[in-house]
Amino acid sequence: MSTPKPLPPTETLALPNSLTLAPRIKLLLTLHRADDSVSPLDTWLLKTSLISFLESSFSISLPLPDLHIVPFKDLKKRKRHDPVARGTIIIRDLDFASLKLSKFEEEEGEEEKGRVLERKFAEWRKNAVEKMDGMEMRIVGDRFKLSVEVPVGDDFERMKKEWEELAAFGNRGYARGGRRLPDTIILKGVPTRWFVEPLVPDRPSQIVTHTIFSALGEIRTLDVKEDNDTCNLEDEEDGYTVPGLHCKIIVRYKEYSDFCNALKVLSGRSLQKQGSRLKADYEVTWDKDGFGNARSQPEETDRWMPSNRYSREDGQSYNSRFSSEKGRPKRFKE
């Protein structure tokens, strides 16, 4: 199986089952009071102020559904230094001048153009965070201070630095003397209904999920289950959550290169389905727990290869993780 080339951060990738991975810039917001006021936060005025700021400072027209603000409860009981609200900004339209290639850059090869776009993307995002982080806002006479950061799961280089540092400090006990490399990706908050089979619409399907994520690399093991612990900010803002709407996907790739390419593609993107207006702003990370537990232990074949296998319709099979008595210990509560 050929390994897909990493995409520039501004391009969309088509997946099986009518799904696409669309690029985005996601910013996490935290709001603190900058005065002694205890009056309620007007989230509508805060949103309109932020939208106006983005338009005047970056020439970005942000749709209201892509900005979420959720006040913390019992604001009068919170300490003065505690945050009063949190939120997210999702910038989906990345067709602005600072992310376009010049005529000279357009003449470069595909790999070089990709590197240039990655650099422009990272610089723009960094500048946006620096400009907004620490900004003071006045809402109906009350002063607030805004903190802004990029989520770790949207920053591939930051995640890569994490496992490189862990590997550098954890290799001394590794049995074969080689360098332990991560290979497992965890996604949370993806819509269950996009991963079901028509005859079993009430739970996510191993077969469908395997087909989708095989497009990003050759899979060794995969697990998919309901994710009732993850609640997106949009649901919190609306004031309700429904169990069973989301699922958690744990996929382990055979090759480190496939793992890296898949994580890089999944980082900084949202999942969309043809015919649906829903945009799934999932959370993605790499499996730190399994990496840390395994780096100082001998590499055992049966440890990584559970015996129970799921049959596919085409006659092939693949491994389901966490299913063998001799297999890898469970790392998540069922």
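Bear in mind that the values in this text are calculations on the coordinates, not laboratory data. Not measured: the values here are computed from a predicted model. Cβ: placed from backbone, ideal geometry, glycine included. Neighbour counts: every protein chain shown.
Distant-in-sequence amide contacts of Cys247, defined by a placed amide H-H separation under 5 Å and a gap of 5 or more residues or a different chain, comprise Gly189, Val190, Thr192, Asp227. Put simply, when 269-282, 32-45, 249-262 are sorted by average Cβ atoms within 10 angstrom per residue, most first, you get 249-262, 269-282, 32-45. Which distance in Å, rounded to a whole number, links the C-alpha centroids of region 202-223 and region 66-129? Centre-to-centre (Cα) distance: 29 Å. In region 23-150 the Cα-Cα distances spread across 5 Å bins starting at 0 as 2, 9, 19, 21, 15, 11, 9, 6, 4, 3, 2, 0 percent of all pairs. Between Phe121, Val38, Phe53, the Cα set farthest toward the positive side of the dipole of region 23-150 (charges on each charged residue's Cβ, about the Cα centre) is that of Val38. The spacing between region 137-153 and region 1-64, judged by their C-alpha centroids, is 14 Å.
If we count every other residue with Cβ under 11 angstrom of Thr48's Cβ, Lys/Arg +1 and Asp/Glu -1, where does the sum land?
-1
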